[in-house]
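The values are calculated or read from the model by the stated rules, or taken from the named source; none is laboratory data. This is a predicted model, so every value here is computed, not measured. Calculation scope for accessible area: heavy atoms of the full protein, side chains included, ligands and nucleic acids excluded. Shrake-Rupley method; radii C 1.70, N 1.55, O 1.52, S 1.80 Å.
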Amino acid sequence: MTAQQVTIEDVARAAGVSRQTVSNALNAPHRLRATTLARVTAAIEELGYQPDQSARSLRTGTRKVIGYPAPADNPADPNPLMGGFLQALVSAADAVGHRVLLFRCDPQQGSGAVAKSFNGLIAARQIDGFVLSDVVHDDPRVDVLTEAGFPFVAFGRTAPGRPQNWVDIDSVAATAQLVHTLLGQGHRRICYVNSAASLPWLADRRAGLLQAAAAAPDGAFEVSVPEDDPAALSQAIQRLLVGPARPTALVCASDWLALTAYQAVRVAGLTVGTDVAITGFNDMPLCTLLQPTLTSVRLPLATIAHALVDRLITVVEGTAPTPTTGLLLPAETVMRDSTPSR
């Protein structure tokens, strides 16, 4: 007899219990005594019984499936950060018996296209709720799901007046801590290498820099160029590196910007980690491949994914109301050779 042929009645017979007791063991184990639950569990494992998920879905009204609109990416040059988040999300969902359904939904196409993508899945009753990532304050995905009254959680803060069921890292505190570390190493002239993109997490990183830089004796200054053109940004950094008042540390809003900073420092005839300290943000794999290795802020992707899934499941199953406040998680600064003490 194969696992697919084993029925709940077979398990009940092997364990010497009723069919309802087996059902309780699967769906409400807290109702059973420990000895009974152990006996039923042993029978399930011995027979290789696999519950009929479609039948369970009909009874409970849930599909055990989480929808995730995967961010647009270039297969030839994938984003390792969001790839890591997807792996963490799949693992977090699997830990609570759920699967992740990927689909494409580009917020840049406007509310109409977004509504079509989400409402089609909702109408088909294919999923229990959504996990969103790369959320911005005026995100049309949030508006569509809010209007539909459908469960969702967000990696990134939603705007006031929208459901606050989000999880995010404290970018302000993370960047401030990074700057305080540099100050503690003896750096007194700190330059922030910013992105021209208007994104909430970048604004938070800048706010953290400005907050902490108030303690810098010579202050902090900022450099960025329109459209994040690497060549133009490299030239702008090189101009700052001329003369005795040059910065001793470059705090970059991302690891990608840190690559440009490395190039600019070397073209200026200086040495990264000796003449100029450089830091990044996101701690992508490239950080350990650079010479010297790059100090960066690591996002706790597994913790974020588990928190998102836990929040979503409590709303879907009705064990708790939708949270009225988001959850801020700390990030970790990973110190490497690009930031030696002065």
Open item on the list: Heavy atoms of the protein only, probe of 1.4 Å, neighbouring chains included. What is the accessible area of F281 in Å², nearest 10?
Closed with: 0
- [ ] Rounded to whole Hz and in sequence order, give me ³J(HN,Hα) for the range 323-335 from the Karplus expression 6.51 cos²θ - 1.76 cosθ + 1.60, θ = phi - 60°, writing x for Gly and Pro.
- [x] x, 9, 9, x, 10, 9, 10, x, 10, 10, 7, 9, 7
TODO: Quick one: among V11, V100, V167, which has the greatest mean-square fluctuation in a GNM of the chain with alpha-carbon springs under 10 angstrom?
DONE: V11
Task: Share of Cα-Cα pairs in the range 135-292 lying beyond 20 Å, as whole percent - done: 54
Task: Where only C-alpha atoms are counted, convex hull volume of the range 239-293 per residue in Å³ - done: 69
Task: Residue-averaged [θ]222 nm for the chain, counting only DSSP H segments that reach four residues, each worth -39500 (n - 2.57) - done: -13000 deg cm²/dmol
- [ ] With a/c under 1.5 counting as rounded, go ahead and sort the range 71-169 into rounded, prolate or oblate using the C-alpha gyration tensor (a ≥ b ≥ c being the square roots of the eigenvalues; past the cut-off, prolate if a/b is larger than b/c, else oblate).
- [x] rounded
Task: the range 214-324 shape via C-alpha gyration tensor axes, a/c threshold 1.5 - done: prolate
Task: Gaussian network model of the chain, springs between alpha carbon atoms under 10 Å - residue of A249, A123, A25 with greatest fluctuation - done: A25
Task: Highest-MSF residue in the chain out of A253, A331, A95 [GNM, Cα springs under 10 Å] - done: A95
Open item on the list: Considering only C-alpha atoms, what is the centroid distance from the range 101-115 to the range 293-328, in Å?
Closed with: 22
Open item on the list: Give me the percent of accessible area attributable to carbon and sulfur for the chain, probe 1.4 angstrom.
Closed with: 52
